[in-house]
Amino acid sequence: MPILTASAQPQSAVAMSLVPSPDPATDPNADRWAALAARDARADGTFVYAVRTTGVYCRPSCAARAARPENVSFHRTCAEAEAAGFRPCLRCRPDAPGLAGRQAEAITRACRLIETAESAPTLAALAAAAGMSAYHFHRVFKAATGVTPRAYAAAHRAASLAARLPEARSVTEALYEAGYGAASRFYAEGAPRLGMAPAVYRKGGAGLRIRFGIGACSLGAILVAATDRGICAILLGDAPEPLLQDLQDRFPGAEIVGGDPVFEDWMARVIGLVEAPGRGLDLPLDIRGTAFQQRVWEALRRIPVGSTASYAEIARAIGLPAATRAVAQACGANAIAVAIPCHRVVRSDGALSGYRWGVARKRDLLQREAEAP
C-alpha cells in the first residue's frame, strides 16, 4: 500500500491534524478544541477563536483551514476578540447572527405575517418572505414552532375568533372577521381548537356543563374542574371561595355542578399529582388559550420532571427568542396547575419569579420533584 505524504493527503485531513487532542482533565480549553476540530455549529455563540498569523477571529464552525495550535487563542465574545486586536472573518462572519439566529428571526417574521394577514398566506409567500425554498421553510418552521405553517395559521384564526365572539353582533360576523372564508371551514378546522360551539363560547359557556370539586391538599385549597373533554382547571389557593369565584368568572354562562363519583376519582388523582408531581397525570386535559399560549404550555409540558427552564429558554424553544415577556404572561395565564407545569419556569439566573399560586407553592413543588426517586 502506498504511503501518503502530508502533501498528498486531503486538505481537511491535514487541517484537522493540526488541532491537538488535549486532556480534558488538564486543559481548560479541551471542549473548545474538540468543537473546533469537529467544526461544531452548536458551539457557535459560546466562544470565538482568533489566529495570530492572519489577525482574524472565527466561529468554531468556520470552514477555513485550521491554524496551528500555537497561533490560536480563544475569546468568549466578539467584543473581547476585537479588543485584543483581531477583526471578524469575512467567511463565517462571527459578528453577524448565526444560522440559528437568522432562522429564528425569519420564523418570527413569518409568524407576525400570518397573524397580521387578512387571509392565511400561502406557503410559497411565507417561504419567499423568509428567503428560503418552500420545502426548507416548512421544515424549519415546524422545527422551531412544533407545528406546520398551516396549523399555526389555523390556531391563530381560532384564537382570533375566540377574542371576537363575545363582542360580535353574530357568530357569522365573528367567523368572517377572524378570517374564515366560510362557516364550513371553521367547523372543519377551528371548532376543536375553540373547545365548544361558537354560539356557546360567545355566551360565556352557556349550555356548557362543567363538573367541579373542591378539596384540601398539602398546598392549601384545591379546585378541580372538567368539561366533557377533560380537565379544564386546577386552581390552588388559601381558601375555597376565591377558587370557585375564579371558575365562575371564566365561564359565567356555564352550568357549574358538583362532581359525581367518577369525577371524585379524577379529583383524587389530581390531588395525588400535587402531592407527588413526578408521577404524571393520566387524564385528558381540555386546554383553552390563544395559539401562542398553547405553544408555550406545550413547551412547558416537555420540561422533564426535576428540571427547570428559563423564560428565555422557553421563548427560544417555540422559535420566538424575543418573546420572553409574552412567555411569562402565558405562564401566568395557565389555569391548569401542575399538570401544565409552569412552576418549572424560573428566571435566567435560576431565581424563582412570580407564580400565579404563590412563590412558596412553586418552591415546594420544585423541591418535591427534586426529591422524587
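The values are calculated or read from the model by the stated rules, or taken from the named source; none is laboratory data. For clarity, every value in this text was computed on a predicted model and none was experimentally measured. Please note: Cβ atoms are built from the backbone with ideal geometry, for glycine as well, and neighbour counts cover all protein chains shown.
General remarks:
- Members of the range 244-263 that are closer than 21 Å to P284 by Cβ and either more than 27 Å from the chain's Cα centre (by Cα) or free of Cβ contacts under 8 Å to residues at least 60 places away in the same chain (or both): L247, F251, A254, E255, I256, V257, G258, G259, D260, P261, V262, F263
- Members of the range 120-146 that are at positive phi and within 23 Å of the chain's Cα centre (by Cα): G146
- Of all residues in the range 22-76, those satisfying the criterion of being small (G, A, S) and at positive phi are G45, G55.
- Among residues of the range 114-134 that are in contact (Cβ under 8 Å) with a residue 24 or more places away in the chain, those with a Cβ under 7 angstrom from a residue that is part of a loop (DSSP other than H, G, I, E, B), sequence gap 6+ or separate chain, pair up as I114/A120; I114/P121; E118/G179; S119/G179; A120/G179.
- Residue in the range 264-273 that is under 22 Å from F212 (Cα atoms) and either aromatic (F, W, Y) or at pLDDT below 80 (or both) present: yes
- Residue within the range 84-105 that is at pLDDT 85 or above and under 20 Å from V296 (Cα atoms) present: no
- If only residues of the range 278-308 that are more than 10 Å from the chain's Cα centre (by Cα), small (G, A, S) and not in a loop (DSSP other than H, G, I, E, B) are counted, the one that is surrounded by the fewest Cβ atoms within 10 Å (Cβ to Cβ) is G278.
- The residue that is surrounded by the most Cβ atoms within 10 Å (Cβ to Cβ), among those in the range 39-78 that are within 33 Å of the chain's Cα centre (by Cα) and β-branched (V, I, T), is V48.
- Residue selected from the range 108-142 under the condition of a type in the set (S, T, N, Q) and not in a loop (DSSP other than H, G, I, E, B), by the criterion farthest from P321 (Cα to Cα): T116
- Within the range 306-329, residues that are free of Cβ contacts under 8 Å to residues at least 60 places away in the same chain and among the aromatic types (F, W, Y) sit with their Cβ atoms under 9 Å from residues that are surrounded by fewer than 17 Cβ atoms within 10 Å (Cβ to Cβ) and not in a helix (DSSP H, G or I), at 6+ positions apart or across chains, in these pairs: Y311/R347; Y311/S348; Y311/S353.
- Residue check, I336 among the hydrophobic types (A, V, I, L, M, F, W, C), at pLDDT 90 or above and in contact with a Gly (Cβ under 8 Å, 6 or more places away or on another chain): no
- A81 vs. criteria surrounded by 18 or more Cβ atoms within 10 Å (Cβ to Cβ) and assigned to a helix (DSSP H, G or I): yes
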